[in-house]
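Since the structure comes first, as structure tokens, the remarks are kept for the end.
The values are calculated or read from the model by the stated rules, or taken from the named source; none is laboratory data. What you are looking at is a predicted structure, and each value in this text was computed from that prediction instead of being measured. All Cβ positions, glycine included, derive from the backbone under ideal geometry; neighbour counts span all protein chains shown. Surface accessibility is based on the protein's heavy atoms, side chains included, excluding ligands, DNA and RNA. Shrake-Rupley method; radii C 1.70, N 1.55, O 1.52, S 1.80 Å.
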Amino acid sequence: MSRKNESLTGNFDWLTLAIYFVLVLVGWLAIYSSVYSEEHSNIFDTSRNSGKQFQWMLASFAIAFLIMIIDGKFFSTFAYPIYIISMLFCASVIFFGVKIKGQQNWLPLGPIQVQPSEFAKFATSLAVAKYLSGLNVDIRKWKHKLFTLLFIAIPAAIISIHGDAGSAIVFLSLLLALYREGLESYYLIFGSTFVLLSLLALLIDKYVLVISLLCIALVFIWINWRWRKYIIYILLIWLTASGYIFFVDFGF
């Protein structure tokens, strides 16, 4: 019996679990405060959003418990089928989805609507973990790197077609996990630069930003004046960044 209990709770990251419960509680209280009225002061009132949120919280805890008691080999064995089904589920939104609050990313299932992109996050993480745990798989090799990025890019592309750019961007966070698996650091540097340029291009005049980058590029050229190869690379980076800056508005 003690061995069984150890298998259920011994591998928990209790700090992450505690943070999760705090965030859930704070979110629930925030919903309650935003819809509070003296006529409906009961936080468990199912006719209000706070009560409905509590129902979903209970459902999520029940699902979490079921996942916990399922043998981990199940997820390892069915990782790819779960991924494929999830992708088909996401793709079906393009044809059968309903539009809610201006976005067609919901799928009607009887009396409720579900958002397949949420299932895709779990399925993609599972498939990537399954692939990277394979024998002789090394994320630093181009072949394995390409397959891993395809696992991530496919759902992100499908969800982008839905018009849900926010959920698609979430998949970029998997790059942080890949970095721990051995992905080269320059991918993180490139990604961080991409995000920073996007924000700056939305907040600052584009010509001012391009000229500022040119000044930085000239400083690097002056430092590396003896190595013409680096000068060409610096100019190419500046030209690419400048072109991207003027594309940001359209992409956004």
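General observations
- Solvent-free Debye scattering, log10 I(q)/I(0), computed from the Cα coordinates of the range 68-125 at q = 0.12, 0.15, 0.23, 0.31 Å⁻¹: -0.34, -0.51, -0.89, -1.21
- Accessible carbon and sulfur surface of the chain relative to its total accessible area, %, 1.4 Å: 70
- Helical runs assigned H by DSSP (4 residues or longer) give the chain a calculated mean residue ellipticity at 222 nm of -24500 deg cm²/dmol, each run adding -39500 (n - 2.57) before division by the residue total.
- Extending 7 Å from the Cα toward the beta-carbon at both F122 and R140 defines two label points whose distance is 3.5 nm.
- Gaussian network model of the chain, Cα within-10 Å springs - most flexible of H144, H40, H162: H40
- Within straight-line cross-link reach of K130, aspartates and glutamates at Cα separation under 14 Å, skipping those fewer than 8 residues along the same chain: D138, E181
- Extension gain (nm, one decimal) between D249 and D13, 0.36 nm per residue minus Cα-Cα: 80.8 nm
- Accessible surface ranking for I112, I82, 1.4 angstrom probe, highest first: I112, I82.
- Restricting the calculation to Cα atoms, the chain shows an Rg/Rh of 1.05 when the hydrodynamic-style radius is the Kirkwood one.
- Charge dipole (Cα centre; +1 on Lys/Arg Cβ, -1 on Asp/Glu Cβ; no other charges) of the range 134-252 amounts to roughly 560 debye.
- Heavy atoms of D249: accessible area, 1.4 Å probe, square angstrom to 10: 90
- Lysines whose Cα lies under 30 Å from that of K229, excluding same-chain neighbours fewer than 8 positions away: K141, K143, K145, K206
- Alpha-carbon centroid distance for the pair the range 157-210 / the range 81-155, whole angstrom: 19
- Straight Cα distances below 18 angstrom link K99 to the aspartates and glutamates E118, D164, with same-chain residues fewer than 8 positions distant left out.
- Å² per residue, accessible surface of the chain at 1.4 Å: 71
- Highest average first, the peptides 120-131, 44-55 ordered by how many other beta carbon atoms sit within 10 Å of their residues are 120-131, 44-55.
- The range 99-196, Rg to Rh (Cα coordinates; Rh as Kirkwood inverse mean 1/r): 1.04
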